[in-house]
1. Can you tell me which residue within the stretch 108-146, out of those that are outside any helix (DSSP H, G or I) and open to solvent by less than 90 Å² (accessible area, probe 1.4 Å), is farthest from residue 55 (Cα to Cα)?
2. Contact list please: Cβ distance under 9 Å, first residue in the stretch 98-115 and in contact (Cβ under 8 Å) with a residue 24 or more places away in the chain, second residue open to solvent by less than 30 Å² (accessible area, probe 1.4 Å) and not in a helix (DSSP H, G or I), pairs at least six apart or on different chains.
3. Would you please name the residue that is modelled with the lowest pLDDT, looking only at residues in the stretch 68-107 that are hydroxyl-bearing (Ser, Thr, Tyr) and either in a loop (DSSP other than H, G, I, E, B) or more than 23 Å from residue 38 (Cα to Cα) (or both)?
4. Filter the stretch 1-34 down to residues that are among the hydrophobic types (A, V, I, L, M, F, W, C) and part of a loop (DSSP other than H, G, I, E, B) and give me whichever is farthest from residue 143 (Cα to Cα).
Amino acid sequence: MQTMIEQDTIRLLRECDAGVKMGTASIDDVFDYVSNGELKKYLEKCKAEHDKLGDEIETLLHKYHDDGKNPNPMAKGMSWMKTNVKLAVNESDHTIADLITDGCNMGVKSLNKYLNQYEAADEVSKDITKRLINLEEKLAIDIRKYL
């Protein structure tokens, strides 16, 4: 029987796993449309950090014999559609910054909600969640000048 701490830890790590996957997929969706070199660097750096956190999350989930969680297919599909429609209308760095900022804000909101919801989770998983939140917040701030 799993303890409350272990259950909340696994649930929180799953949400982080889905968040990391959603973040990297969103960056992949827009990357080829980016024209500004500095914006490209911000996105590359953030994606690399997401990948690093994703590896940490995967290692921890493996320890709990858990396969992790993929992003909600409906949310991922809607995000992909929104991205492609907006870019079809206006293929600009401004549009990309707008889309990524929206994604970061949604990620920060969701992750904070899960941090509160799974309060019995261990400190390691809470730390990973906070690092992911900080990563999302930093990217949104870094790309403001392209809005």
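The values are calculated or read from the model by the stated rules, or taken from the named source; none is laboratory data. Computed from a predicted model, the values in this text were never measured in an experiment. Cβ sites come from the backbone with ideal geometry, for glycine too, and all protein chains shown count toward neighbours. The protein model used for the area step is the full one, side chains on, heavy atoms only, and it has no ligands, DNA or RNA in it. Shrake-Rupley method; radii C 1.70, N 1.55, O 1.52, S 1.80 Å.
1. Just the residues of the stretch 108-146 that are outside any helix (DSSP H, G or I), to begin with: 118-122, 143.
Restricting the remaining residues to those that are open to solvent by less than 90 Å² (accessible area, probe 1.4 Å) gives 118, 120-122, 143.
On the way: 118: 21, 120: 23, 121: 19, 122: 18, 143: 25 Å.
The selected residue is 143.
2. 100/143; 101/143; 104/143; 114/121; 115/121
3. So in the stretch 68-107, the residues hydroxyl-bearing (Ser, Thr, Tyr) come out as 79, 83, 92, 95, 101.
Checking the rest, the ones that are also either in a loop (DSSP other than H, G, I, E, B) or more than 23 Å from residue 38 (Cα to Cα) (or both) come to 79, 92.
Working: 79: 79, 92: 91.
Looking at the filtered set, the residue picked out is 79.
4. Narrowing the stretch 1-34 to residues among the hydrophobic types (A, V, I, L, M, F, W, C): 1, 4-5, 10, 12-13, 16, 18, 20, 22, 25, 27, 30-31, 34.
Okay, now just the ones that are also part of a loop (DSSP other than H, G, I, E, B), so 1, 34.
Details: 1: 46, 34: 12 Å.
Once the filter is applied, the top-ranked residue is 1.
Let's see how each residue does on (1) basic (Lys, Arg); (2) open to solvent by 30 Å² or more (accessible area, probe 1.4 Å); (3) touching a residue at least 40 places away in the same chain (Cβ under 8 Å):
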residue	(1), (2), (3)
10	no, no, yes
14	yes, yes, yes
20	no, no, yes
33	no, yes, yes
38	no, yes, no
50	no, no, yes
